[in-house]
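Data block below; observations after.
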Amino acid sequence: MIHATLPRTARRSRARRASRILLALTAMSALIGLDLPDAASGPPLGVTTWARPGAEADRVGALFAGGLDGGHFCTASVVRSEDRDVIATAAHCLENTDTTVFAPGYRDGRAPYGLWRLTGVHVAPEWTAGQDPDADIAFATVAPADGGQARVEDLVGGFPVAAAQQAGARVTVIGYPRTMDAPLRCANGTDLLSPTQRRIGCPDLSGGTSGSPWLVDGALAGVLGGFEGGGTVPEVSYSAVMGERAVGLYREAADG
């Protein structure tokens, strides 16, 4: 999600507004039981709150520039693969692959499952040639940044990948705004902006949430990105539709 063109005063105002909303949501969570594992017992549709630690959120992580001190700038998630080493994110998040590292389950300055460097990137030619927003879905393979032999999917599990979702599918988004050290979560119905772009209404999904998984019944059906880089306001976000092109990239990465 891109916000670089917003005036500085607008960004400060939006940040203050986001902080007030999140403080209110934190207080509300104690009243409505957001720590319950069943999604049906969570907040109402279209409400953004903290993503509680657990199997779902731990498969999602932040992308950092070099290391934890470099600041996180995008979000990615682990998906199922033969070699148990594939993540999904937005293509526009993979511009500096030599220095990008992935921290699944990142919270409060800590990477409980370690840091993972990129070992291979799978991006559609349409993105490479012209940054086609319909091709803003990418997959990458990862390995431990410390040179170990672990597989990321063995540690946190992985989301299955599902294409061809209905226009009004209910989607759960989990992502890391740049200014926060824990992920946010929001679920809502979606609709199609076009045959190739899906949109969702969720507040506070600001810069840094690009690449966040869009989950339908626990399966990856897109990532935050696409039209307008994922959206120029934090209340409405977009994803390229997970079609045959994206599934082909996934298979390339997943089949090793």
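The values are calculated or read from the model by the stated rules, or taken from the named source; none is laboratory data. Small disclaimer: the values here were computed from a predicted structure and weren't measured. Positions of Cβ are backbone-derived with ideal geometry, glycine not excepted, and every protein chain shown enters the neighbour counts. Side chains are part of the model used for accessible areas, which takes the heavy atoms of the whole protein and leaves out ligands, DNA and RNA. Shrake-Rupley method; radii C 1.70, N 1.55, O 1.52, S 1.80 Å.
For segment 185-208, the tally of residues that are in contact with a Leu (Cβ under 8 Å, 6 or more places away or on another chain) and surrounded by fewer than 16 Cβ atoms within 10 Å (Cβ to Cβ) stands at 1.
Considering each residue of segment 166-178, count those that are part of a strand (DSSP E or B) and either surrounded by 22 or more Cβ atoms within 10 Å (Cβ to Cβ) or in contact with a helix residue (DSSP H, G or I) (Cβ under 8 Å, 6 or more places away or on another chain) (or both), and give that number. The number of residues fulfilling the criteria is 5.
For segment 88-113, the set of residues classified as touching a Gly at 6+ places or on another chain (Cβ under 8 Å) and not hydroxyl-bearing (S, T, Y) consists of A88, A90, A91, H92, C93, V101, F102, A103, P104, G105, A111, P112, listed by residue number.
Per the conditions (1) surrounded by fewer than 22 Cβ atoms within 10 Å (Cβ to Cβ); (2) within 15 Å of the chain's Cα centre (by Cα); (3) more than 21 Å from R107 (Cα to Cα), the sole criterion not satisfied by D181 is (3).
In this structure, does P133 turn out to be modelled with pLDDT of 95 or more and under 24 Å from A219 (Cβ atoms)? Please lay out each step first, then the result.
Values: modelled with pLDDT of 95 or more: yes; under 24 Å from A219 (Cβ atoms): yes.
It is true that P133 is modelled with pLDDT of 95 or more and under 24 Å from A219 (Cβ atoms).
Does L193 satisfy the condition of being of a type in the set (A, V, I, L, M, F, W, C), more than 21 Å from M242 (Cβ to Cβ) and free of Cβ contacts under 8 Å to residues at least 60 places away in the same chain? For L193, the condition - of a type in the set (A, V, I, L, M, F, W, C), more than 21 Å from M242 (Cβ to Cβ) and free of Cβ contacts under 8 Å to residues at least 60 places away in the same chain - is not met. The strands (runs of 3 or more DSSP E) located wholly in segment 83-165 that include 3 or more residues which are in contact (Cβ under 8 Å) with a residue 24 or more places away in the chain and open to solvent by 20 Å² or more (accessible area, probe 1.4 Å) occupy 116-122.
In segment 69-79, how many are in contact with a strand residue (DSSP E or B) (Cβ under 7 Å, 6 or more places away or on another chain) and open to solvent by 20 Å² or more (accessible area, probe 1.4 Å)?
We begin by selecting, within segment 69-79, every residue in contact with a strand residue (DSSP E or B) (Cβ under 7 Å, 6 or more places away or on another chain); these are 70-79.
Imposing the further condition that a residue be open to solvent by 20 Å² or more (accessible area, probe 1.4 Å) reduces the set to 70-71, 73.
Qualifying residue count for the region: 3.
For segment 210-256, the tally of residues that are open to solvent by 10 Å² or more (accessible area, probe 1.4 Å), aliphatic (A, V, I, L, M), in a loop (DSSP other than H, G, I, E, B) and modelled with pLDDT of 95 or more stands at 1.
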